[in-house]
Structures are given as C-alpha cells and as structure tokens.
Amino acid sequence: MSGEVVLELRDVTRTYGEVHALRGVSIRVRRGELVAVVGPSGSGKSTMLNVVGTLDRPTSGSVSIAGTDVGAVPDDALSALRAEHIGFVFQHFHLQAGATAAENVADGLLYTGTDRRQRSERAVAALERVGLGHRVDHRPGQLSGGEKQRVAIARAVVGEPTVLLADEPTGALDTASGATVLALLRELNAAGTTVLVITHDLDLAASLPRQVRMRDGTVEDDSASDAPSLAAAIGVGR
Ligand code: ADP
C-alpha cells in the first residue's frame with residue numbers, strides 16, 4: 001500500500017532579512033503518516049510548519065498540498081485552500097476566550113461554505129470525538145490546559161483536513177495532559193488523519209513512526225528517507 005503524497009516541499013528556502021530560517025528543505029509526506037519534527041530551537045521547525053500550512057510563503061522552492069502547487073495559488077484563495085486541507089494546533093491553544101468550546105470548534109469551518117447550523121452540529125460531534133461532549137458550553141477559562149488543547153484539536157479536525165499540523169502541542173501541558181493529547185493525536189492518525197507534530201520531547205518523537213530532524217534550516221536526518229528503496233528491495237510498499 002503506497003500512500004498518496006499529500007505534502008511535498010522541494011528545496012524550500014525562507015529568509016527573513018539576513019536570517020536564513022530554511023536553507024533548502026525537501027520532504028515528502030504520504031497520506032496516513034504520523035511524523036515528528038525535532039531539532040534545536042531556531043532550527044526552522046516553526047517556519048517549516050508555517051510554510052506547509054500556507055501561513056507563510058517560501059522565498060524559493062515549491063510546496064504542494066494534496067497535489068496543488070501552493071505557489072500558483074493567489075493570496076486571496078489561500079484561506080480556502082487552508083480551510084480545505086490544513087488543521088492547526090498551537091502550543092498555547094489560540095482559543096477565543098469569549099466563545100464556548102463549541103463556538104471555538106465551529107470556527108474551524110469558517111471559509112468552508114458550511115452553514116451556521118451544520119457548523120454547530122459538526123462542532124459538537126468533533127468535541128464528542130475528543131472526549132469533550134460534556135464541555136460544549138464551557139469557555140476556555142473554565143477548562144484545564146489539556147481540555148483546551150483537545151478543543152483546539154477538535155477545531156483543527158472538524159473540517160477533516162488533509163493534514164493536521166501541531167506546533168509543540170504538549171509544550172504547555174503537564175505530563176498527564178500531554179500524554180492524553182498525544183494519545184488523541186495517535187487515535188486521529190489511526191483513523192486516517194495525516195499528522196505532522198513539532199516537539200522538543202525526544203522520547204515522544206522516538207515513539208512516533210517517523211522523525212524528521214532539523215538543524216540550521218535544513219533537514220539533518222529523516223528516518224523515512226531510506227524507506228522507499230528498502231521497501232522496494234524487500235518487495236513491500238509503504
Ligand atoms: P524553531 O521553530 O526550530 O525554533 P523557527 O522556525 O521559529 O525555529 O526560527 C528559525 C529562525 O528564523 C530563527 O533564527 C528565528 O529567529 C528566525 N525567524 C523565524 N521567524 C521569523 C520572523 N518572522 N522574522 C525574523 N526572523 C524569524
């Protein structure tokens with residue numbers, strides 16, 4: 001079973017003035033993968049995730065998502081592309097304080113052409129999926145850190161994106177809540193969601209099927225880089 005390539009970066013660079021945040025990153029991710037992105041602070045992990053998530057454009061090189069070359073998509077069409085294909089989870093949740101859990105999750109369906117009532121129904125279903133069916137009317141201030149992150153994950157997946165991008169999703173959580181959040185990401189992945197997760201936690205990364213290690217704006221090591229030839233050599237697909 002050789003999964004379709006849902007994400008491809010080819011020789012991507014990103015400079016901010018004098019700073020070379022990415023210096024030629026190439027990576028391919030297939031549907032259904034769960035990939036850990038690791039590396040020291042400043043190595044370009046967040047920049048790569050932002051480029052993948054179409055929040056930022058490369059200085060050179062190309063990014064393609066589900067077969068669409070992002071470079072060919074005009075700025076005013078990017079939010080629709082993002083709404084269809086990308087779900088984001090951040091370290092500090094980025095929930096709206098004045099909105100309920102259900103309203104926060106429903107926001108994940110803005111720009112998808114889903115009507116208000118359906119947004120609301122699907123938000124409740126997504127909250128049930130992350131184990132928060134009893135918290136739909138709670139506001140972020142009434143939720144624990146782990147619960148807030150589960151709301152953020154529900155918001156990220158409510159539109160069934162092609163790829164879920166998580167930037168240090170357990171970084172602001174205690175160990176137990178972090179483990180719950182990680183278990184949830186694994187569960188979503190097992191159900192078919194492709195996941196890229198940035199983490200500082202090397203044990204966590206080692207427990208995931210693939211690790212991409214970044215350093216100084218380049219991919220220093222990719223545990224999957226030899227896999228296609230190895231798989232071909234032993235006669236199995238991936
Ligand atoms: P990581 O996520 O691995 O910590 P980042 O992608 O955040 O690394 O940063 C890579 C480099 O790019 C760092 O040197 C950082 O200071 C720089 N950088 C990131 N974003 C910006 C920006 N918006 N403006 C200027 N420099 C930036």
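The values are calculated or read from the model by the stated rules, or taken from the named source; none is laboratory data. Keep in mind it's a predicted model, so treat the numbers as computed, not measured. With ideal geometry, Cβ positions are generated from the backbone for all residues, glycine too; neighbour counts draw on all protein chains shown. The accessibility values were calculated without ligands, DNA or RNA, using every heavy atom of the protein model including side chains. Shrake-Rupley method; radii C 1.70, N 1.55, O 1.52, S 1.80 Å.
Output yes when any residue across the range 118-136 is farther than 25 Å from residue 84 by Cα and free of Cβ contacts under 8 Å to residues at least 12 places away in the same chain, and no when none is. Yes - at least one qualifying residue is present in the range 118-136. All of 192, 217, 146 fail the test of being out of contact with any strand residue (DSSP E or B) (no Cβ under 8 Å at 6 or more places or on another chain), under 26 Å from residue 10 (Cβ atoms) and not polar (S, T, N, Q), apart from 192. Within the option set 238, 155, being surrounded by 14 or more Cβ atoms within 10 Å (Cβ to Cβ), at pLDDT 90 or above and among the charged types (D, E, K, R) holds for one residue only, 155. Considering each residue of the range 203-211 in turn, at least one proves to be modelled with pLDDT under 90 and open to solvent by 10 Å² or more (accessible area, probe 1.4 Å). Taking the condition within 16 Å of the ligand (Cβ to nearest atom), more than 17 Å from the chain's Cα centre (by Cα) and exposed (fewer than 15 other Cβ atoms within 10 Å of the Cβ), does residue 216 pass? For residue 216, the condition - within 16 Å of the ligand (Cβ to nearest atom), more than 17 Å from the chain's Cα centre (by Cα) and exposed (fewer than 15 other Cβ atoms within 10 Å of the Cβ) - is met.
Screening 115, 56 for residues that are open to solvent by 40 Å² or more (accessible area, probe 1.4 Å) and either within 17 Å of the chain's Cα centre (by Cα) or among the acidic types (Asp, Glu) (or both) leaves exactly one candidate, 115. Selection within the range 59-80: residues that are open to solvent by 20 Å² or more (accessible area, probe 1.4 Å) and under 17 Å from the mean Cα position of the chain (by Cα). The member of this set that is farthest from residue 20 (Cα to Cα) is 80. Restricting attention to the range 1-20, the residues that are small (Gly, Ala, Ser) and within 15 Å of the ligand (Cβ to nearest atom) add up to 1.
The strands (runs of 3 or more DSSP E) found wholly in the range 1-92 and carrying at least 1 residues that are under 22 Å from residue 219 (Cα atoms) and among the hydroxyl-bearing types (Ser, Thr, Tyr) occupy 5-16, 19-30, 60-65.
Annotation note: of 99, 106, 77, the sole residue that is free of Cβ contacts under 8 Å to residues at least 60 places away in the same chain and under 26 Å from residue 186 (Cβ atoms) is 106. The condition (being modelled with pLDDT of 90 or more and more than 20 Å from residue 34 (Cβ to Cβ)) is satisfied by just one residue among 218, 194: 218. Residue pairs whose Cβ atoms lie under 6 Å apart, separated by 6 or more positions or on different chains, with the first residue in the range 202-226 and touching a residue at least 24 places away in the same chain (Cβ under 8 Å) and the second of a type in the set (Gly, Ala, Ser) and assigned to a helix (DSSP H, G or I), are 211/205.
Taking the range 21-49 as the range and being within 8 Å of the ligand (Cβ to nearest atom) and of a type in the set (Ser, Thr, Tyr) as the test, the residues that pass are 41, 43, 46, 47. Within the range 14-44, being under 13 Å from residue 58 (Cα atoms), buried (at least 19 other Cβ atoms within 10 Å of the Cβ) and not hydrophobic (A, V, I, L, M, F, W, C) holds for 14, 44.
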